[in-house]
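Data first, discussion second: the structure below is written as structure tokens.
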């Protein structure tokens, strides 16, 4: 997979995956991650993750509801984490192949385009 720009990813559409698609290599994933802000590979190299600190609990819940709408529309569902009432994180991977595919980066770009109420510094 050739790395795509943020805009190319955001305008893309997740393709249903039932397996049989090769996982991206760590080098391919790192190249694509360079086009996204704040996302990183997990330690096992099989997922991408991003974390935010939101204003308060309800800001996190509103964000997760927006993520859920996008995920459902794309038929690609991430893991959502809310810890300590305002630390939110999203992890994405393609379950059917146990690793990363183009779909994961498309979903990440769409999530990055969502509004989020961040904690003031």
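Annotations
- Close pairs from the stretch 22-35: first at positive phi and in contact (Cβ under 8 Å) with a residue 24 or more places away in the chain, partner assigned to a helix (DSSP H, G or I) and surrounded by fewer than 16 Cβ atoms within 10 Å (Cβ to Cβ), Cβ under 8 Å, at least 6 apart: none
- Among the residues of the stretch 81-107, not one is free of Cβ contacts under 8 Å to residues at least 24 places away in the same chain and under 10 Å from the mean Cα position of the chain (by Cα).
- Evaluated against (1) in contact with a helix residue (DSSP H, G or I) (Cβ under 6 Å, 6 or more places away or on another chain); (2) within 18 Å of residue 111 (Cα to Cα), residue 69 falls short on exactly one condition, (1).
Every read-out reported here was derived from the displayed coordinates using simple, explicitly stated rules and does not represent laboratory data. Keep in mind that what you see is a predicted model, and the values were worked out from it rather than measured. Quick reminder, even Gly has a Cβ in these numbers, built from the backbone with ideal geometry, and neighbours come from all protein chains shown.
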